[in-house]
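What follows is calculated from the coordinates using simple rules that are stated; it is not laboratory data. All of these numbers come straight from a predicted model, not from anything done at the bench. Backbone-built Cβ (ideal geometry, glycine too); neighbour counts: all protein chains shown.
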There are 2 protein chains.
Amino acid sequence: MSDQNLKSTLFQDLVDLLQNRDFPGLKLFLEEVPPADSAEAFELLPEEEQALLFRLLPTGMAAEVFEYMPVENQERLVHAMGGVELAAILNAMSADDRTALFEELPTPVSARLVAMLSPEKRATALDLLNYPEDSVGRLMTSEYVKVRDPWSARRVLDHIRAHGRNSETLNIVYAVDDHDRLLGDIRIREFLLCPLDETVGELRNEVIVCLHAMDHKESAVEAFRKYDRTALPVVDKFGGLVGIVTVDDVLDVAEERATEDMQKIGGMEHLDEPYMEISLGMLVKKRATWLVVLFLGEMLTATAMAGYQDEIAKAVVLSIFVPLIISSGGNSGSQAATLIIRAMALGEVGLGDWWKVMRREILSGLALGIILAIFGFLRISVWTAIWHPYGEHWILIAATVSFSLIGVVLWGTLSGSMLPFLLKRVGLDPATSSAPFVATLVDVTGLLIYFAVAGAILKGAML
Amino acid sequence: MSDQNLKSTLFQDLVDLLQNRDFPGLKLFLEEVPPADSAEAFELLPEEEQALLFRLLPTGMAAEVFEYMPVENQERLVHAMGGVELAAILNAMSADDRTALFEELPTPVSARLVAMLSPEKRATALDLLNYPEDSVGRLMTSEYVKVRDPWSARRVLDHIRAHGRNSETLNIVYAVDDHDRLLGDIRIREFLLCPLDETVGELRNEVIVCLHAMDHKESAVEAFRKYDRTALPVVDKFGGLVGIVTVDDVLDVAEERATEDMQKIGGMEHLDEPYMEISLGMLVKKRATWLVVLFLGEMLTATAMAGYQDEIAKAVVLSIFVPLIISSGGNSGSQAATLIIRAMALGEVGLGDWWKVMRREILSGLALGIILAIFGFLRISVWTAIWHPYGEHWILIAATVSFSLIGVVLWGTLSGSMLPFLLKRVGLDPATSSAPFVATLVDVTGLLIYFAVAGAILKGAML
């Protein structure tokens, strides 16, 4: 059964249960379906019915389903739901998902919601919201198990049995000292595999891999990619344990980052919302800005072309190859820029590598230019042999096109690969040097190269 | 301390310990550094020293460090290490990392390595290698804990204590029937939080989210993204439990997929290797193929331009705006293609949505085209007011450029957004409709649109 079919079956079942006002059946139904699937089925219902459902569900269950909804949908529901139900659901949500919701809401709304939390949860929420947007702090959950060095495995297991109900991951527990400074971590398996009287101090790892709450959240992606953990502890600048980050949230950060980079490479602003959900006005706005900037840049080609009007009038045949020449430069530039941007995002290439990259790209650019030059020369020769469209000086035209291609492709490759370094060096996002941006840059210089080569080769013969 | 500094400090310590032949110190050192960091420091050493180190280390430790090395490096070490040490390390590696190594090696080499495994591990390795490349099966590990319905929590905990040492994740255990068919999963926390005499049957979830061993590994990414789990069970077509997949491996799959898509969007073949490690020859080859294909396509622009040679000769001013017009079409096409490719990869847009997307893109394309047309018209008007470079018919030229822009941008947006659907429909990867590919397609049709509009508007006046 395809995913689409499964969704509509779930939806039909939900509608039936709702129409029959079969609330016990509804409860049973939701108990059996994973909350992620229920959330998808919920989204297909009209908003008022969703709000009604949330009111009728046991709080824990409602919070679970609510957590799996996209933030935009959560936002709408917040407005549709009454205060009491909302407070119950918010209190039952896990801390990191709650922070993600608060982040998206307008400040007055999120302030009102924070006020609905229990005093303890309000403190946590305010703590988390205090971390800068895009920091590791915003990904944290405060629901984890802390233990101390002298405790035995038996005491740890009892402690978990008594206090572990809310901890997001029980895979790992964290040892802290009297000032809550992180000493080390121990996988639960250690307590399960060891004699019951061994202590935390004997079991724990000295080596601590941890994240810093104020760091950018992409540092979390790098740490998880490198260390293959399911959760990592987060410390403040004094080494105090302030929370943990679990790998499922990091998967989302990594995908969001990749989407952002791709959209920038495609030559637009990052959308921030899924394609099907963003409003048409916003969609146009996010694309128009860059398109206009590129258009204004590309106007320089008209200026450049106007400067060569006399040459074109004398040798109209020159204009024929203009699109071919400039697009080859643009394409090789797009390739180089995309390669370097992605390698930088994955940490394979750093600022210090610019010289190594430049050497490689000069060689690649030369090789690629020569390959295209050969194809260009062949094209003009074959056409000449069959139709003879380029006149007596065809060999000079072929030479002009071929040498221009080498120059333009080399230049495209070089500027495409170096621009990300330049942007990163001055503190901008390398992904801004998108394929269209590089193409525009190379179009203008490509024209200058082409007409300079033409001037040198055709002087006296055609010009 | 930056990552780079940390690495060189580790490296210096390693070199010192090696030069002093301080093997106890070396062992202590490696015990304290996370294996991922040790692996990075190892990679900075010459190969023979690496091989020597692996020979001297305790097997478990050697296997851990080995697992964190990039596959290319593992490959080289396999050739440098002796049979006995290699066999020990291979046997101590976890099943999924071992499969990843075997996959990369030439068949005779991996066959030789498989023969070095213990009979039990050899069976597992052959099982895993039997799954198609890029299938969920290749991501699996067979190291997990299976339990049965009648078992009490106490018995489960004892079982884990006795047999759990090799299981990759102890966060979740899996309940199976007598034929090893998957019945449900239970988080370890349940056993820790419940009375010790409760049974698996009472505790376990009926709802099973599971992966299928033969499915494409990207289905695993989708499932993890949706269900927020740290591990998911994998079943064969009879519902039998054959392994589990953990989320850390899925993070790698997701990033690899994003890299592949980006490189394709940038207009080249997927590199398969990190930028700094791929050979220059391979780098050129991966880029040249597409560059030549695009070049051959772009040659059609020369054909199109040649067809309008008479018009250009009569009105040279027309040639001035050729790069501006075609690049605007290319840029809007890149935007649309990138948006749709990424939305498809994230599952936000499916094949069935083509009609909805088309409607949105027609409206977006019109809006974007009109915006650029206004800028184009202004540019020509202002230039005329100041320098008067376009002659008496400047208003007709401005109209030609503006109407062409609307047509070209609309066409670029439409073809950029529909091409990914078309490719997916015929079973190809939508990411093949890269920015340069769409740009090339739109360049040729852009010229046709431009000269058709010019013909209609300038007829009688300039043409």
Between beta-carbons, use under 15 Å as the cut-off and find the net charge around A:Ile362, counting Lys and Arg +1, Asp and Glu -1.
-> +2
For chain A, what's the relative contact order in percent, using C-alpha pairs closer than 8 Å and at least 6 residues apart?
-> 11
Using the 10 angstrom Cβ neighbour count as an exposure proxy, how do A:Ile380, B:Ile362 rank, fewest first?
-> B:Ile362, A:Ile380
For chain B, the longest principal axis of the Cα atoms and the Cα long axis of helix B:71-80 enclose an angle in degrees, to the nearest 10, of 50
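Please list the three semi-axes, largest first and in whole Å, of the ellipsoid equivalent to the range B:263-357, using sqrt of 5 times the eigenvalues of its alpha carbon gyration tensor. Don't jump to the answer; show the numbers that get you there.
Numbers: eigenvalues 215, 112, 23 Å².
Gyration-tensor ellipsoid for the range B:263-357: 33, 24, 11 Å.
Take the cross-link list A:Lys226/A:Lys286; A:Lys121/A:Lys146; B:Lys286/B:Lys424; A:Lys27/A:Lys121; A:Lys121/A:Lys285 and give me the ones stretching past 29 Å between alpha-carbons.
On the way: A:Lys226/A:Lys286 34 Å; A:Lys121/A:Lys146 18 Å; B:Lys286/B:Lys424 22 Å; A:Lys27/A:Lys121 27 Å; A:Lys121/A:Lys285 39 Å.
Among A:Lys226/A:Lys286; A:Lys121/A:Lys146; B:Lys286/B:Lys424; A:Lys27/A:Lys121; A:Lys121/A:Lys285, the Cα-Cα distance tops 29 Å for A:Lys226/A:Lys286; A:Lys121/A:Lys285.
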³J(HN,Hα) computed for each position of the range A:317-325 - Karplus, 6.51 cos²θ - 1.76 cosθ + 1.60, integer Hz, glycine/proline x = 4, 4, 5, 4, 9, 4, x, 4, 5
Before rounding to the nearest 500, sum -39500 (n - 2.57) across all DSSP H runs of length at least 4 in chain B and divide by the residue total; then give [θ] at 222 nm in deg cm²/dmol.
-> -21500 deg cm²/dmol
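P(r) tail for the range B:146-255, what percent of Cα pairs lie past 17 Å?
On the way: 3274 of 5995 pairs.
Counting pairs separated by more than 17 Å, the tail of P(r) holds 55 percent.
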Applied in sequence order to the range B:411-428, the curve 6.51 cos²θ - 1.76 cosθ + 1.60 (Karplus, θ = phi - 60°) yields integer Hz couplings, x standing for Gly and Pro, of 5, x, 4, 5, 6, x, 7, 8, 4, x, 4, 4, 5, 5, 4, 8, x, 9
Mean 1/r over distinct Cα pairs of chain A, inverted to a Kirkwood Rh in Å, yields 27.1
Between 0 and 90°, nearest 10: helix B:354-386 axis offset from chain B longest Cα axis | 50
Proximal charge balance of B:Leu405 [Cβ under 13 Å; K/R count +1, D/E count -1] | 0
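Using alpha carbons only, what's the Rg to Rh ratio of the range B:105-161 with Rh from Kirkwood?
On the way: Rg = 16.1 Å, Rh = 13.9 Å.
With Rg and the Kirkwood Rh in hand, the quotient comes to 1.16.
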Cross-link reach list, lysines versus B:Lys314, counting only Cα pairs under 24 Å and skipping chain neighbours closer than eight places = A:Lys314, A:Lys459, B:Lys459
In percent, what relative contact order does the range A:3-130 have, based on Cα pairs under 8 Å that are 6 or more apart in sequence?
-> 20
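Residues of A:243-255, mean number of Cβ from any other protein chain within 10 Å of their own Cβ, rounded to a whole number?
On the way: counts 0, 0, 0, 3, 9, 9, 1, 3, 10, 3, 0, 5, 10.
Shielding by partners across A:243-255 averages 4.
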In degrees, nearest 10, the alpha-carbon axis of helix B:95-104 is tilted away from the dominant principal axis of the alpha carbons of chain B by 50
Computed D for the range A:3-130, Stokes-Einstein, Kirkwood radius over alpha-carbon pairs, 20 °C, 1.002 mPa s, to the nearest µm² per second, is 143
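Please compute, over every Cα-Cα pair in the range A:327-463, the percentage with a separation greater than 26 angstrom.
So the pairs more than 26 Å apart make up 31 percent of the total in the range A:327-463.
What ranking of A:Leu196, B:Leu17 emerges when the number of other C-beta atoms within 10 Å of each C-beta is taken as an exposure proxy, fewest first? Let's see the in-between values first.
Working: A:Leu196 12, B:Leu17 19.
Fewest-to-most Cβ neighbours within 10 Å comes out as A:Leu196, B:Leu17.
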Distances in nm between the label point of B:Glu47 (7 Å along Cα→Cβ) and its equivalents in the other copies, shortest first, are 6.4
Which Rg and Dmax, in Å, describe the Cα atoms of the protein assembly as shown?
-> 31.3, 100
Neighbouring Cβ atoms within 10 Å as the yardstick, rank A:Thr384, A:Thr440, B:Thr199, A:Thr9 fewest first.
-> A:Thr9, A:Thr384, B:Thr199, A:Thr440
Provide Rg and Dmax in Å for the range A:95-190, with only Cα atoms included in the calculation.
-> 15.8, 48
Computed over the Cα atoms, what is the radius of gyration of the range B:397-463 divided by 2.2 N^0.38 Å, N being its residue count?
-> 1.38
With contacts defined as alpha carbon pairs under 8 Å and 6 or more residues apart, what's the relative contact order of the range A:280-458 in percent?
-> 37
